[in-house]
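*Asks:* Here it is, the structure, as structure tokens.
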Amino acid sequence: MSRALLIVDVQNDFTEGGALPVTGGDAVASAISAHLAAHAGDYELIIASRDWHDADGDNGGHFDEEPDYIDSWPVHCVAGSDGADYDPLLVTDAITHHVRKGQGAPAYSMFEGVTESGETVGGLLSAAGILSADVVGLATDHCVRASALDAIAHGVQVRVLTDLVAGVAAEPSATALAELAHAGAALADSGAA
Ligand SMILES: [Zn+2]
């Protein structure tokens, strides 16, 4: 058994009441916590990411007062703010590594992030000999998509737990899941995982 759980961006700004909320974000946070309560022991590594942007500047065009919601966004997940913190519905006790991404530049994939001591997700997976990873979190059509694609590119067998993700928009989210399946990811319900 050398499986990792990758928890993408379950943060206040991406759940209900946040700056850039995903409908169903709170429900996903709770469902991931239930999954952890039952299955944390199944994972050798449990890595969670947080979008973590600079308060000054536009973070490489990532922030825009008139966002297109494709490449530019309202201000969100400013480092150290309440919006950047994990949603309180996510129980974080079992998380083994925390990575932050997006300081000064857009970073959709958690593979672009680093831990406090500078470790990357790819480095952590390689060092632990991880062969497979379950991917969960927010948002399906952006950071989950990018993180899962990078996990596949890293060479691990990826499974997206489709009841533990939520997207910004329905159609791009469906497209993202189809793209991930085409790239080799398995799509599964956490109950069947
Ligand atoms: Zn961001």
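The values are calculated or read from the model by the stated rules, or taken from the named source; none is laboratory data. The shown structure was predicted, so the numbers you read here are calculated from the model rather than taken from an experiment. Positions of Cβ are generated from backbone atoms using ideal geometry, with glycine treated the same way; all protein chains shown enter the neighbour counts. Calculation scope for accessible area: heavy atoms of the full protein, side chains included, ligands and nucleic acids excluded. Shrake-Rupley method; radii C 1.70, N 1.55, O 1.52, S 1.80 Å.
*Asks:* With springs connecting C-alpha atoms under 10 Å apart, model the chain as a Gaussian network and identify which of ILE47, ILE70, ILE32 has the largest mean-square fluctuation.
*Replies:* With Cα springs under 10 Å in the chain, the top fluctuation among ILE47, ILE70, ILE32 is at ILE70.
*Asks:* On to the next question. Could you state the principal axis extents of the C-alpha atoms in the stretch 40-85, from the largest down, to the nearest angstrom?
*Replies:* 44, 23, 16
*Asks:* Using only the alpha-carbon atoms, what does the chain span along each of its principal axes? Please give whole angstrom values in decreasing order.
*Replies:* 46, 37, 30
*Asks:* Just flag the GluC sites (Glu not before Pro) in the stretch 1-98 sitting in loop per DSSP whose Cβ has no more than 13 other Cβ atoms within 10 Å.
*Replies:* GLU65
*Asks:* Quickly rank 114-121, 135-142 as a protection proxy: mean count of other C-beta atoms within 10 Å, highest first.
*Replies:* 135-142, 114-121
*Asks:* If you roll a 1.4 Å probe over the heavy atoms of the protein chains, what accessible area per residue do you get for the chain, in Å²?
*Replies:* I get 42 Å² per residue for the chain.
*Asks:* Where does the stretch 1-52 land on Rg(C-alpha)/(2.2 N^0.38 Å)?
*Replies:* 1.24
*Asks:* Continuing with this model, one more query. Just how large is the dipole of the chain about the Cα centre, in debye to the nearest 20, putting +1 at every Lys and Arg Cβ and -1 at every Asp and Glu Cβ?
*Replies:* Dipole size: approximately 820 debye.
*Asks:* Just the number: Rg to Rh for the stretch 19-122, Cα atoms, Kirkwood Rh, two decimals.
*Replies:* 0.99
*Asks:* Sticking with this one: Please work out the ratio of the alpha-carbon Rg of the stretch 67-134 to 2.2 N^0.38 Å and round it to two decimals. If you can, show how the numbers build up before the last one.
*Replies:* On the way: Rg = 14.0 Å, N = 68, 2.2 N^0.38 = 10.9 Å.
Rg over 2.2 N^0.38 Å, computed on Cα atoms: 1.28.
*Asks:* Taking all protein chains in place and a 1.4 Å probe, what share, in percent, of the accessible surface of the stretch 1-111 do carbon and sulfur account for?
*Replies:* C and S atoms contribute 50 percent here.
*Asks:* Hey, if you put +1 on the Cβ of every Lys and Arg and -1 on every Asp and Glu Cβ in the chain, which of ASN12, ALA176, HIS97 ends up farthest toward the positive end of that dipole?
*Replies:* So the residue we want is HIS97.
*Asks:* Same structure, new question: Mind checking the angle between helix 25-39 and the chain's longest principal axis? C-alpha axes, 0 to 90 degrees, to the nearest 10.
*Replies:* Roughly 20 degrees, rounded to the nearest 10.
*Asks:* Among ALA146, SER190, GLY113, whose Cα lies farthest out toward the positive end of the dipole of the chain, if unit charges sit on the beta carbon of Lys, Arg (+1) and Asp, Glu (-1)?
*Replies:* Projecting each Cα onto the dipole axis, the largest value belongs to SER190.
*Asks:* Let me ask something else about it. Taking R0 as 30 Å, what's the FRET efficiency between ALA79 and ALA188 from their Cβ-Cβ distance, rounded to 0.05?
*Replies:* That gives a FRET efficiency of 0.30.
*Asks:* Contour minus end-to-end for ALA174 and TYR69, with contour as 0.36 nm per residue of separation and end-to-end as the Cα-Cα distance?
*Replies:* Extra length from ALA174 to TYR69 when fully extended: 36.1 nm.
*Asks:* Here's something else I'd like to know. Rounded to the nearest 500 deg cm²/dmol, what is the calculated helix-only ellipticity per residue at 222 nm for the chain, with -39500 (n - 2.57) per DSSP H run of length n ≥ 4?
*Replies:* -7000 deg cm²/dmol
*Asks:* Ranking request for peptides 105-113, 172-180: highest mean number of other beta-carbon atoms within 10 Å first, then the rest in descending order. Please report the intermediate quantities before stating the final value.
*Replies:* Working: 105-113: 21.8, 172-180: 17.8.
Peptide ranking by packing, descending: 105-113, 172-180.
*Asks:* Now for a different question. Over 10 Å intervals from 0, what percent of Cα-Cα pairs in the stretch 111-193 sits in each interval?
*Replies:* So the P(r) values, bin by bin, are 19, 50, 27, 4.
*Asks:* Now, a different point. In the chain, what % of DSSP beta bridges are antiparallel (nearest 5)?
*Replies:* Details: 3 of 29 bridges.
Here the antiparallel bridges make up roughly 10 percent for the chain.
*Asks:* In the neighborhood of GLY191, defined by Cβ-to-Cβ distances under 15 Å, what is the net charge if each Lys or Arg adds +1 and each Asp or Glu adds -1?
*Replies:* Working: positive: ARG159; negative: ASP42, ASP134, ASP163, ASP189.
Local charge sum for GLY191: -3.
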